[in-house]
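The values are calculated or read from the model by the stated rules, or taken from the named source; none is laboratory data. These figures come from a predicted structure and were not determined experimentally. Positions of Cβ are generated from backbone atoms using ideal geometry, with glycine treated the same way; all protein chains shown enter the neighbour counts. The accessibility values were calculated without ligands, DNA or RNA, using every heavy atom of the protein model including side chains. Shrake-Rupley method; radii C 1.70, N 1.55, O 1.52, S 1.80 Å.
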Amino acid sequence: MKNLAIEIKGLTKDYPVGFLRKRMRRSLDYLTLSVEEGETFGFLGPNGAGKTTTMKLLMGLIFPTAGTARIRGRSIADVRMHREIGYMPEQPYFYDYLTARELLDYFARFFSYSATERRERVTRFLELVGLTAAGDVQLRKFSKGMLQRVGIAQAILHDPQVVFLDEPMSGLDPLGRREVRDIILSLKRQGRTIFFSTHILSDAEVLCDRVGVLVGGKLQGVGAPEELVSMDVLGIEILFEVHTGGAPPRSLAERATQTGNRYRVEVPEADLYAALEELRVSEARIISVTPLRPSLEDYFFRLVGRQKAALEPTEARIA
Amino acid sequence: MSTMPAAVAVNTFREAVRDRVLYNLIFFALMMIGAAILVGQISIGVERLVIVNLGLSAISIFGIIMAIFIGVGLVYKEMEKRTLYSLLAKPIRRWEFLVGKFAGLLLTLVVNTALMTLGLAAALFYVSRSFERSDVGILTAVYFILLELALITALALFFSCFSSPMLSTLYTLGIYVAGVFAPDIKGVSEYSQSPALASLARFVYYLLPNFHNFNVIAAAAHGETIPFALVWHNTLYAALYVIVILLAASAVFSGRNLK
């Protein structure tokens, strides 16, 4: 069994609310979770689910009401733990009077590198996130996507073993998302542990060894994406084409959607061969036959839909 | 000594420079040039007195304004803009961050004060064409202003850990003004007929920083010798007070949940 990179036991966070701050709003409810070394873990959940709260608790930015957490065997209260982790906050914001190069150099100073090492690292990581040309531009002139890249660079600048990324794809265009995904995959190949929250389920499905779904501050499910979604086939999708002026078989035509002389139809698994036979008889050209399985997105929406109403953030009055 | 506070201090200084905080020096320079020319024409025999008084008062006021207005945003701004998130995820303790912020602003104030002192010296030389032995008192007065600014910076930083800039400005300014009138508060404790009021005044007198003791501008302007004992006393007093305030700030900030 691999060592645990992240161990979270009963982590709970209540925030005081109201004018007199006497009521408490539970933002995270007894989160217990572990992530192995080298694993890529996706933290999923709707807005306000407690994902950022969890990250902030692990980073020591806020303090837990109850529970403990350890990263690579060290308590989150131990400042030495921070040598082994990197963190990119959600929608990162940095000192806008600095250039990207100066900011990375500033952060590198917290890791006892010599001036030469710092210079070399900063140049290398600016290149990695595609900001070499903008390295000497003040951050106040950066776009949101560029700030996101600086955020990633500062998080991995010191080669941390565990990397926390809070919504790393948020605000990025498709190209930027692809680049961030490639960076995460490269970190994964290097054996780093990656813990990231995201709204983009397709990214989680592609990148993660395991995912956890948080709703209303409670962990609703954890596992490999393929374990969480049922392997049952929901139906079969058939794409086919008919001759110019031709028509699809009548039994399929009612259910099919047409684009030019192409058709798409979903049939139950049991009716597949009958449908294929009808298409053969009508001399249609079959383009593809694909089994339809539930996606992580289906699983996510099912969980969120089922739990959200029941798990509205708990409020309790202080005695 | 950890290098963490030094890194934060240098960045704080850089922020002040890039935010054009030192532009106030231009106003100071213009004021000193104007004063020197004017004083040369209207005051016979008291040019030095007027220039030293005016110069040292301006150095003090400019410094106090900078210490308060930059100081109250030192921590608050980093929390509001969330620049602290990435920083505190690095291996830096919260107290190291606070010490760095304090040292960074103090460095800014020292540079600012040093440049203004040079301006004052230039104006003084312009009006009297020479320096006198008693002018050492001017440097002592400048040193006391710096001690005063260190105290004000620590106070502003302390309030910045838990309060908005507007409230922090009011608190810091309030304590400064009360501290300037420390001898009057002591007077109340000595001459009050009410024992309760006397006790309260005594408590407030000992609690508040005594800014009155740092003001030797008049003595410096008149060329009086400032006792060495006062230099030691003020240095020790300011150092201890700053340490206590920074410890209190650290205690507050270390338990603070960031938004």
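Springs join every pair of Cα atoms under 10 Å in this Gaussian network model of chain A, and among A:283, A:226, A:127 the largest mean-square fluctuation is at A:283. Antiparallel beta bridges, as assigned by DSSP with both residues in segment A:4-228, represent about 55 percent of the total such bridges. Take every Cα pair under 8 Å whose residues are at least 6 apart in sequence, average their separation, divide by the length of chain B, and the relative contact order is 28 percent. Around the Cα centre of chain B, unit charges on the Cβ atoms of Lys, Arg, Asp and Glu (plus for the first two, minus for the last two) sum to a dipole of about 900 debye. For chain B, the per residue solvent-accessible surface stands at 48 Å², with DNA, RNA and ligands left out and a 1.4 Å probe. A convex hull fitted around the alpha carbon atoms of chain A yields 201 Å³ per residue.
Its relative contact order, with pairs defined as Cα atoms under 8 Å and 6+ residues apart, puts segment A:148-307 at 21 percent. Any idea what angle helix B:94-128 forms with the longest principal axis of chain B, computed on alpha-carbon atoms, 0 to 90 degrees, nearest 10? The angle comes out near 10 degrees.
Based on Cα atoms of the protein assembly as shown, Rg over Rh with Rh as the Kirkwood radius reads 1.15.
Taken per residue, the accessible surface of chain A reaches 48 Å², heavy atoms only and a 1.4 Å probe.
Taking the accessible area of the protein assembly as shown, probe 1.4 Å, and keeping the other protein chains in place, the carbon and sulfur fraction comes to 60%. What is the helix-to-structure angle for B:182-191, meaning the angle in degrees between its Cα long axis and the longest Cα principal axis of chain B, kept from 0 to 90 and rounded to the nearest 10? The answer is roughly 90 degrees. Projected onto the charge dipole of segment B:4-254 (+1 at Lys/Arg Cβ, -1 at Asp/Glu Cβ, origin at the Cα centre), which of B:220, B:131, B:171 gives the Cα projection farthest towards the positive end? Of the listed residues, the answer is B:171. Take every DSSP beta bridge whose two residues both sit in the protein assembly as shown; close to 70 percent of them are antiparallel.
Taking every DSSP helix (H) stretch of at least 4 residues in the protein assembly as shown, weighting each as -39,500 (n - 2.57) and dividing the sum by the residue count yields a mean residue ellipticity at 222 nm of -16500 deg cm²/dmol. The mean sequence separation of alpha-carbon pairs under 8 Å and at least six residues apart, normalised by the residue count of chain A, gives a relative contact order of 21 percent. Please report the buried accessible area for the interface of A with B, total over both chains, probe 1.4 Å, in Å² to the nearest 100. Looking at A and B, the buried total is near 2800 Å².
Of the residues B:121, B:150, B:89, the one that moves most in a GNM of chain B with alpha-carbon contacts below 10 Å is B:89.
Which one, B:154, B:67, B:122, has the greatest fluctuation when you compute a Gaussian network model over chain B with C-alpha springs under 10 angstrom? Per the Cα network of chain B with a 10 Å cutoff, B:122 tops the list. Tell me, which residues of segment B:63-86 get at least 40 Å² less accessible area when the other protein chains come in, versus the chain alone (1.4 Å probe)? SASA drop of 40 Å² or more in segment B:63-86: B:81, B:82, B:83, B:85, B:86. Each 5 Å bin from zero holds the following percent of Cα-Cα pairs in segment A:252-300: 5, 16, 26, 25, 13, 9, 5, 2, 0. Positive-end ranking of A:135, A:15, A:215 along the dipole of the protein assembly as shown, with charges on Cβ about the Cα centre, is headed by A:15. Surface calculation, 1.4 Å probe, protein heavy atoms: residue A:301 sits at approximately 120 Å² accessible. In the structure shown, the pairs A:13/B:90; A:22/B:259; A:188/B:77; A:56/B:101; A:2/B:259; A:144/B:90 are assessed against 28 Å; a Cα-Cα span above that value is assigned to A:188/B:77; A:2/B:259.
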